[in-house]
Each structure stands twice: as C-alpha cells, then as structure tokens.
Amino acid sequence: MRFIATADTDIGISKDTNQDSVLIKHAIVDGEEVLLAVICDGMGGLSKGELASATVIRAFAKWFDEELPYELEEVDMQVIGAKWSLLLKELNAQILEYSKDNGIEGVGTTFSGILFIGDQYVIGHVGDTRVYHIGASLIQLTTDQTFVAREISRGTMTLEQAKTDKRRNLLLQCIGASKAVEPQIICGKTEKGAYMLCSDGFRHEITESEIYESLNPINLMNKDAMHNNAKYLIEQVKSREEKDNISVLLIKAE
C-alpha cells in the first residue's frame, strides 16, 4: 500500500488561539510504508487546551520514533491498539494531575489517530474528532463520544435535532478532563481510497455530500489537489461562520 498525506489547520474566525494539534509521521521500513496520523482538539481557558492537545501529539510522535520499531518486528495491530489505549489512559492521568497542581479545570483534548502498516490499520479514538474512509461513499469509522450521539443511538433524539441541540459539543469522554477514559480501538484492513481525520469544527457547517464531492479519491490526484480541496472546504466552513478551530488530515491509500 502506498500513502500520500496532507494536513491543514485554521484558527477560524473568532478564536485567539488554535487549540487543534495535528501529526503525520511517515516512514518506509523493509520496503513497506508505515504512516501515523493524529488529530487532537484541545479545550480549556487561555492556552491550556493547546497545551493538552500538544502534549498528546508529542507523546504519540515519541511513540512512533521509539516504540513502533519494536512493534514492527512482529506486527499485531490488536496489541498496538491495547498499548495505545494504555498510553491514552496514562496521558489522561498526567493532564488531570497537571490541572490539579495548577488549580485549573476543564482542560483536555479529544484524540483520533490511525496507524497504517501495509494493508492493516488500527484506530484509537476519544471524544468527537472523527476518522472517515472515503471510497464509493463517505463512511464514519469512529463513534462520537458525545451526549447527542448517545441519545441518537438510544432513539431519544433525531439526527436533525442533534444538529441544533445546544448540547451537541458535550463530550462523554475527554483526555485530561475525565476521571477515566475508555478509548475506542478499531482494527481493520486498509482499503484503497482516502482516509480523513477531522475536528468537529471542520464538519459542522458542511454536509457529507459536500465533503464527498470535494474529497472523493478521484479528485485527489496528488498532494496539491488534496491540499487545495481541503482548503476549499475550510474556507466554505469559515464563510458559514463556524466559530471553532478547523482541522483536517487526508491520507490517500493506493
């Protein structure tokens, strides 16, 4: 499997800082491509949300450099997923401790990350950032850990009601702001097409059909096209007065 990856992030139209953090790490090991993509959407006063998201990003960059080489000796995506889950729980405890020591509350970050090794992938997920596969259609791979997503699954709220509900950003889990987290871990077989990671600021003001029209793999011929199409959608989101930071990562698998 060959991968092409791009990342775009924008402060948006109203915030003083960009609390989103993104990471792409790409390597070739024994002739096989390995790619890690992570997006974190931080929250908290002043620059604390930025600190939380950057802390998690740094931890996964370090994991890629120092721990992944050992995992590649005998690849088991289930084992990697379990280790990611443990790392996310450790980061949750670290950020909680930092907040306690500094007398601050509500500092945390979401996390969505995907690791590709050849024709396999593993996803780790906490919060409401998302991972999608874009092929014949747009398919959300992660499950939002939010109040409205839970109510939709229970049948007590419709999708249309959720779009305008004031609680749509209420997270059930958040790294650094939850006493305990249980990350969603997903293992799968890599399919040709594109994979997209995005913050909630990217997707609130555009439709799935608009995303698919711009980011259909047919329209992602090279890295420039991937970047230009992502930037087009970001500008559309801003023109519709989305207040949040806006971030999107694209990986084309071919």
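Just to be sure I understand, how many residues within region 1-60 are exposed (fewer than 15 other Cβ atoms within 10 Å of the Cβ), hydrophobic (A, V, I, L, M, F, W, C) and either farther than 21 Å from LEU96 by Cα or touching a Pro at 6+ places or on another chain (Cβ under 9 Å) (or both)?
4
For region 161-193, how many residues meet the condition of being within 30 Å of GLY103 (Cβ to Cβ) and over 15 Å from the mean Cα position of the chain (by Cα)?
Going through region 161-193, the residues within 30 Å of GLY103 (Cβ to Cβ) turn out to be 166-183.
Within this subset, residues satisfying the condition of being over 15 Å from the mean Cα position of the chain (by Cα) are 166-170, 172, 176-182.
Of the residues in region 161-193, 13 are within 30 Å of GLY103 (Cβ to Cβ) and over 15 Å from the mean Cα position of the chain (by Cα).
Can you say whether ALA93 is part of a helix (DSSP H, G or I), in contact with a strand residue (DSSP E or B) (Cβ under 8 Å, 6 or more places away or on another chain), at pLDDT 95 or above and among the small types (Gly, Ala, Ser), as far as the supplied structure shows?
Working: part of a helix (DSSP H, G or I): yes; in contact with a strand residue (DSSP E or B) (Cβ under 8 Å, 6 or more places away or on another chain): no; at pLDDT 95 or above: yes; among the small types (Gly, Ala, Ser): yes.
Spelling it out, it is not the case that ALA93 is part of a helix (DSSP H, G or I), in contact with a strand residue (DSSP E or B) (Cβ under 8 Å, 6 or more places away or on another chain), at pLDDT 95 or above and among the small types (Gly, Ala, Ser).
Return yes or no: is SER178 of a type in the set (S, T, N, Q), touching a residue at least 24 places away in the same chain (Cβ under 8 Å) and assigned to a strand (DSSP E or B)?
Details: of a type in the set (S, T, N, Q): yes; touching a residue at least 24 places away in the same chain (Cβ under 8 Å): yes; assigned to a strand (DSSP E or B): no.
Spelling it out, it is not the case that SER178 is of a type in the set (S, T, N, Q), touching a residue at least 24 places away in the same chain (Cβ under 8 Å) and assigned to a strand (DSSP E or B).
Take region 61-97 and flag every residue that is among the β-branched types (Val, Ile, Thr) and either under 21 Å from the mean Cα position of the chain (by Cα) or buried (at least 19 other Cβ atoms within 10 Å of the Cβ) (or both).
Step one: of region 61-97, the residues among the β-branched types (Val, Ile, Thr) are 75, 79-80, 95.
Within region 61-97, VAL79, ILE80, ILE95 meet the criteria.
So for region 214-231 (the condition being acidic (Asp, Glu) and in contact (Cβ under 8 Å) with a residue 60 or more places away in the chain), does at least one residue qualify?
If we filter region 214-231 for residues that are acidic (Asp, Glu), which is where we start, we get 224.
Then drop every residue that is not in contact (Cβ under 8 Å) with a residue 60 or more places away in the chain, which leaves none.
No, region 214-231 has no match at all.
When residues of region 31-69 are filtered for being at positive phi and free of Cβ contacts under 8 Å to residues at least 40 places away in the same chain, how many remain? Talk me through it step by step, then tell me what you get.
First, the residues of region 31-69 that are at positive phi: 31, 44, 46.
From the residues that got through so far, the ones that are free of Cβ contacts under 8 Å to residues at least 40 places away in the same chain too are 31, 46.
Within region 31-69, residues that are at positive phi and free of Cβ contacts under 8 Å to residues at least 40 places away in the same chain number 2.
Report yes if GLY155 is modelled with pLDDT of 95 or more, at positive phi and either among the β-branched types (Val, Ile, Thr) or out of contact with any Phe, Trp or Tyr (no Cβ under 9 Å at 6 or more places or on another chain) (or both), otherwise no.
Values: modelled with pLDDT of 95 or more: no; at positive phi: yes; either among the β-branched types (Val, Ile, Thr) or out of contact with any Phe, Trp or Tyr (no Cβ under 9 Å at 6 or more places or on another chain) (or both): yes.
Taking the combined requirement at face value, the residue does not satisfy it.
Got a sec? Which of SER178, SER247, SER199 is under 24 Å from ALA54 (Cα atoms), among the small types (Gly, Ala, Ser), surrounded by 14 or more Cβ atoms within 10 Å (Cβ to Cβ) and at pLDDT below 95?
On the way: SER247 fails: at pLDDT below 95; SER199 fails: at pLDDT below 95.
None of the other options fit; the residue is SER178.
When region 108-121 is examined, which residues are found to be surrounded by fewer than 24 Cβ atoms within 10 Å (Cβ to Cβ) and either in a strand (DSSP E or B) or out of contact with any strand residue (DSSP E or B) (no Cβ under 7 Å at 6 or more places or on another chain) (or both)?
Listed by number, the residues that qualify are PHE116, ILE117, GLN120.
The values are calculated or read from the model by the stated rules, or taken from the named source; none is laboratory data. Just so it is clear, the model here is predicted, and its values are computed rather than measured. All Cβ positions, glycine included, derive from the backbone under ideal geometry; neighbour counts span all protein chains shown.
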